[in-house]
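Accompanying notes for the structure given below.
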Ligand SMILES: [Fe+2]
């Protein structure tokens, strides 16, 4: 045996080190095998050199030879094949990609491929594959749940706080329109775009107005239990009212709503209250439908009243009152132009007549006033007093009812008031949204 020189380095004690390395290697292999995610060692051309047990479980095979040496894209039947090839070759800037893969049995899995590269391009790569099918499904469920919550909140917001922004939009758009008309200094193109904004704002305001009453919403189904308010369909719906009437009436009311934001809601409620009173009087069929239409259309003549009067937030002067009192005649003249709306035209003309002859425009008395107009007169006063308008705040419902009962035989037909009293429960349900 050669004797070692004193300055030679000591020979490592191989017999002591190898078992430690072997053990470490074994533990590392165990660790890799026990990892629930797939781990592959890939060479530069994308061939699989080593795989862990999770891979074999995923592949449903115990034969390593059927896997080793094959290309990754041969084993994983993924939809984004070229993206996976780029990730493995290092061409892709991304370090991971998500792919849908078809697996044995026809099922589809969502897989996340993560490439861990060495310092040199020639180094072997470690590719981890995570099955994220369940995570994705959970994410989708959560997303759907959050969207449903958002829709519910949005619907709630639309139902409860629509009046404020609506008023602001309407007023701003109208002010802008007035400013455009007055200010001729603005360049023509800018003026046109401002006019367009004003027009669009009014269009939005009109849309939102129609969505104020939940019963009038047009919705589309989002899921089994949640409907989304579809403002486009609501806006384009054939009629604001659940009555049959020509498109021209819708257009006229839309124009009126731009001048008086309360007009549409008032028209709808008058139609509905009139229908309830008519029903309580034993009126049904076509006559009842006509009375509902009369209630809805009675104020259409207000489209011809100037805004300065229509929107005045205070009591009208004697002169302004005179102008306002023209709306029955003007409305009647508009409705006369439509075939089949003769009764509606008469009601528009006489809905401000008093049973005792003290009303306007003709001072008709008792049975000379069409019965439809005597019904609409009660519905009109009930809704107008119980809700705030430009010129007055809302009167409590109980006081309005008292006023109507007190004025039976003077302002109102006592038989109509009797029917009104008998159907009060339904009218109250209508105003709380329990009846549509
Ligand atoms: Fe009126």
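Please treat every number below as a calculation from the coordinates, not as lab data. If you're wondering where the values come from, they're calculated on a predicted model, not measured in any experiment. Cβ placement follows ideal geometry from the backbone for every residue including glycine, while neighbour counts extend to all protein chains displayed.
By the beta-carbon count within 10 Å of each Cβ, the least crowded to most crowded order of 352, 259, fewest first, is 259, 352. By the equivalent-ellipsoid construction on the alpha carbon gyration tensor, the stretch 243-436 comes out with semi-axes of 23, 19, 18 Å, ordered largest to smallest. FRET efficiency for the residue 337 to residue 141 pair, using the beta carbon distance and R₀ = 41 Å, is estimated at 0.10. Apply the Debye scattering formula to the stretch 328-406, with a single equal point scatterer on each alpha-carbon and no solvent, then give log10 I(q)/I(0) at q = 0.20 Å⁻¹. So the normalised log intensities are -0.92. Can you give me the Cα centroid spacing of the stretch 31-94 and the stretch 313-384 in angstrom? Spelled out, the Cα-based centre of one part sits 84 Å from the other.
If you take the alpha carbon atoms of the stretch 30-111 and fit the smallest convex hull around them, that volume is 97 Å³ per residue.
The slack in the chain from residue 399 to residue 108, taken as 0.36 nm per residue of separation less the alpha-carbon distance, amounts to 98.0 nm. Take each peptide in 396-405, 109-118, count the other Cβ atoms within 10 Å of every residue, and average; sorted highest first, the result is 109-118, 396-405.
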